[in-house]
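Structure first, commentary second.
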Amino acid sequence: MEKNNINNSLAKKFLLDGEVVSLEKTGNGHINNTYLVTTNKNKRYILQRISDAFDIKGLMKNIDAVTSFMALKAENPERQMRLIHTIDDKSYYADETGNYRVFTFVEDSICLDAPTTTGDFFESAVAFGRFQKLLEDFPAETLFEPIKNFHNTPDRYRIFKETVALDKMDRVKEVTAEIDFALKREEEAGILQKMRENGEIPVRVTHNDTKLNNVLLDKYSRRALCAIDLDTVMPGLSLYDFGDAIRFGAATAPEDEKDLSKMTVDLDMFRAFTIGYINSCELEESEIENLALGAKIMTLECGVRFLTDYLDGDNYFSTSYEGQNLDRCRTQFKLVAEMEKHFDEMREIVRYEYKNPKTI
């Protein structure tokens, strides 16, 4: 679609304050095409063409419900991303060129790709904790699941073992050590799913992509504003969000680092995120007791997914070189091993910070 068509026809499908005067490509996302829209009333919005890979109807129903709910409870709704409806009161607009949505633009905000300090990581925890807190009364069971069995770790293992048995790429012989590592931890890997099924841990609204680049910070104070990118919002466990954030943000090396000696868990980062998260939301004791386990299982699950994709021919995760998914698997498994070494310390950090709450 040409820029003029976006300005003069597409933008007019939404309830914007004023006429569009400029539209600029923004962001570096690989899924949705994103534009910054400015009107003659100096109002700014985020317009996105939604990827065709999503179930648009279910996805947008989730986002509409969740953002509306949070706007009613937030202390300052202007500092939250809010969905702008179309002129016929729908959550998105569809035509022959694709599916489009519009959000408010949060002024004076920044987005970082990765934490460079414990303070940045702490603020991301505050944002995701507040997200959890704002949605604590939301009926999670009413949400659509954009990815079925996303963190059903036993099901991930089922797919993994089937892929090993098939060995369609003739790669199993190269990775017997990695396969053994995963299988030795299969029983423990299923604990969270069993606890969920048994009702031992509450099912909540979860974000499911808790990286720092999905948080907006105030550009002046660098304090947390809100969580963004809600495409993977669905029912889940708080341990998923906590665990995946630790897996990414408290790791000391990139996901595809070849030198495994560089990979361990940064306990200072772990503590910073723990403080921010548990002091920004209200978790039950069953959740607190299993936060460290959540970090380990989410890391193990991710490693299993990378290994499965490598054995299957690299069809799911995009790669920039041959063997990248195997490198990713190895870093995740090394991080799991490091978490096992420091597991008692991780649990003690959680328990101490829970018993000594901070004012956020």
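Computed from the coordinates by the stated procedures, all read-outs in this text should not be read as laboratory data. Only a predicted model underlies this, so the values are computations on that prediction, with no experimental measurement involved. Backbone-built Cβ (ideal geometry, glycine too); neighbour counts: all protein chains shown.
Just a few scattered comments:
- Protection proxy ranking of 243-252, 279-288, by the mean of other Cβ atoms within 10 Å over each peptide's residues and highest first, is 243-252, 279-288.
- The charge dipole of the range 287-359, taken about its Cα centre with unit charges on the Cβ of Lys, Arg, Asp and Glu (plus for the first two, minus for the last two), comes to roughly 260 debye.
- Estimated FRET transfer efficiency (residue 61, residue 9; beta-carbon r; R0 35 Å; 0.05): 0.90
- Of the residues 159, 360, the one with the fewest other Cβ atoms within 10 Å heads the list, and the complete ranking is 159, 360.
- In terms of surrounding Cβ atoms within a 10 Å radius of their Cβ, 85, 207, 151 rank from fewest to most as 85, 151, 207.
- Here the Karplus relation 6.51 cos²θ - 1.76 cosθ + 1.60, evaluated at θ = phi - 60°, turns the backbone of the range 237-245 into coupling constants of 10, 4, 5, 5, 5, 4, x, 5, 5 Hz, with x for every Gly and Pro.
- For the range 3-107, the spread of Cα positions along each principal axis, largest first, Å: 38, 33, 30
- Within the chain: Cβ-based charge dipole about Cα centre, in debye rounded to nearest 20 (Lys, Arg +1; Asp, Glu -1): 740
- Taking one quarter of the surface of the convex hull spanned by the alpha-carbon atoms of the range 118-355 gives a direction-averaged projected area of 12.9 nm².
- By the helix-only formula, in which each DSSP H run with n ≥ 4 contributes -39500 (n - 2.57) and the sum is divided by residues, the chain has a 222 nm mean residue ellipticity of -13000 deg cm²/dmol.
- Diagonalising the gyration tensor over the Cα atoms of the range 219-360 and scaling each eigenvalue by 5 before taking the square root yields semi-axes of 28, 18, 15 Å, largest first.
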